[in-house]
Amino acid sequence: MRQRLGRVVSADGTVLAYASAGTGRPLVYVMGWLTHLELGWELPAERALYEALAQGCRLVRYDRAGCGLSPAVDRPASLAFELEQLAAVTASLDEPFDLMGTSMGAPVAAAWAAAHPDTVRRLVLYGGWVRGAELSPPRRP
């Protein structure tokens, strides 16, 4: 299976790298905090996961701003910014898509599905959380 790389630009000009593999109905995979489309594809275990997910569909993944192949930006991290990036990646999809969120991508995928239910065919969440404060103690000054 071959991975195809591309770039999209969000409404505010943020450039995002994305990858697709396979053919058919789209499965958009919102990954966790740190990603790299090329390096992840080169790791045998990670690639095996992506190739399995792409069986019978078109797997679409992306590097968030400042990760992997996507350049850094000056915007602070926020759920709103994550949703803008997902909007840029999914803008060209002409049909409802399956949406999978893992780790940090799970709350992003859930928020997208709640705000845009007509775009999501199926939602899969794995390894996410409801409140980040429950995962880590508050910051100390």
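Of the residues in segment 72-87, at least one is in a loop (DSSP other than H, G, I, E, B), open to solvent by 80 Å² or more (accessible area, probe 1.4 Å) and in contact (Cβ under 8 Å) with a residue 12 or more places away in the chain. Residues in segment 4-43 that are open to solvent by less than 30 Å² (accessible area, probe 1.4 Å) and either polar (S, T, N, Q) or assigned to a loop (DSSP other than H, G, I, E, B) (or both): Ser10, Thr14, Ser20, Met31, Gly32, Thr35.
For segment 101-110, the criterion of a residue being in contact with an Asp or Glu (Cβ under 8 Å, 6 or more places away or on another chain) and in contact (Cβ under 8 Å) with a residue 60 or more places away in the chain is satisfied by at least one position. Of everything in segment 101-119, what is open to solvent by 30 Å² or more (accessible area, probe 1.4 Å), in contact with a Phe, Trp or Tyr (Cβ under 8 Å, 6 or more places away or on another chain) and not hydroxyl-bearing (Ser, Thr, Tyr)? Give them in sequence order. If the condition is that a residue be open to solvent by 30 Å² or more (accessible area, probe 1.4 Å), in contact with a Phe, Trp or Tyr (Cβ under 8 Å, 6 or more places away or on another chain) and not hydroxyl-bearing (Ser, Thr, Tyr), then Met104, Pro107 are the ones that fit.
Among the candidates Arg122, Arg139, single out the residue that is of a type in the set (Lys, Arg), open to solvent by 80 Å² or more (accessible area, probe 1.4 Å) and more than 23 Å from Leu34 (Cβ to Cβ).
On the way: Arg139 fails: more than 23 Å from Leu34 (Cβ to Cβ).
Only one candidate qualifies: Arg122.
Report yes if Glu134 is among the acidic types (Asp, Glu), closer than 22 Å to His36 by Cβ and open to solvent by 40 Å² or more (accessible area, probe 1.4 Å), otherwise no. Considered against the rule, which asks whether it is among the acidic types (Asp, Glu), closer than 22 Å to His36 by Cβ and open to solvent by 40 Å² or more (accessible area, probe 1.4 Å), Glu134 comes out as no.
The values are calculated or read from the model by the stated rules, or taken from the named source; none is laboratory data. Computed from a predicted model, the values in this text were never measured in an experiment. Using ideal geometry, Cβ is built from the backbone for each residue, glycine included, and neighbour counts are taken over all protein chains shown. Protein only, heavy atoms only, side chains kept; ligands, DNA and RNA dropped before computing areas. Shrake-Rupley method; radii C 1.70, N 1.55, O 1.52, S 1.80 Å.
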